[in-house]
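A quick write-up on the structure given underneath.
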Amino acid sequence: MINKNLILIHEQLLALSIEKTALVKEGNVEKLQPTLVKERKAVQQLEQAEEERQKEVATWFVNHGVKVDEVTLSNLMNHIEIEAEKKELEDAAVRLTEAIVKLKQQEELNMALIQQSMQFVQLSIDLLSPSLKNMNYGKDKGPSDVNRSVFDSKA
């Protein structure tokens with residue numbers, strides 16, 4: 001019921017996420033773009049595989065005459081009588097869950113790294129941009145200087 005392709009796609013996404021982490025750490029934006037394109041394609045494949053899985057599970061319930069309110073893995077496991085099939089399904093579910101958890105952790109790391117990079121860029125911009133105090137040479141000349149813009153509006 002759990003499509004092996006579903007597991008493989010999650011593992012592929014995990015590998016791409018690890019690759020993204022390395023590229024973000026390097027600051028290599030040129031190589032990051034193709035990785036994001038690969039990731040987008042893998043996500044599309046994942047959506048298709050998930051749709052197939054849902055159809056297979058619904059078909060199994062219909063073919064076996066099982067009517068339940070929720071089509072869940074737990075309900076499915078309760079209705080499988082062959083131990084080998086039950087064990088195979090359980091193993092696949094564990095492997096899929098592990099891949100999803102690892103992927104989530106890796107993506108959280110990537111998000112934190114990108115956020116730190118953005119903060120660093122913002123700090124660098126703030127340090128490079130002149131402040132209003134530095135633009136005014138000499139002593140304060142009164143309230144007329146407060147409304148002055150950094151840019152010359154007459155130019």
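Values in this text are rule-based calculations from the coordinates and carry no lab data. Note that the structure is a prediction, hence the values are computed from the model and not measured. Positions of Cβ are backbone-derived with ideal geometry, glycine not excepted, and every protein chain shown enters the neighbour counts.
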Q. What GluC sites (Glu not before Pro) does region 1-70 have in DSSP loop regions with at most 16 other beta carbons within 10 Å?
A. E70
Q) Between region 19-52 and region 53-94, what's the alpha-carbon centroid distance in Å? A) 31
Q: Report the convex hull volume per residue for region 1-129, counting only C-alpha atoms, in Å³.
A: 118
Q: Could you work out the Kirkwood radius for region 1-69, taking every pair of different alpha carbons, averaging 1/r and inverting it, reported in Å?
A: 13.9
Q: At most 16 other Cβ atoms within 10 Å and a DSSP loop assignment: could you name the trypsin sites (Lys or Arg not before Pro) in region 36-136 that fit?
A: K67
Q | Nearest-0.05 FRET efficiency for N28 and L128, computed from C-beta distance (R0 25 Å) | A | 0.65
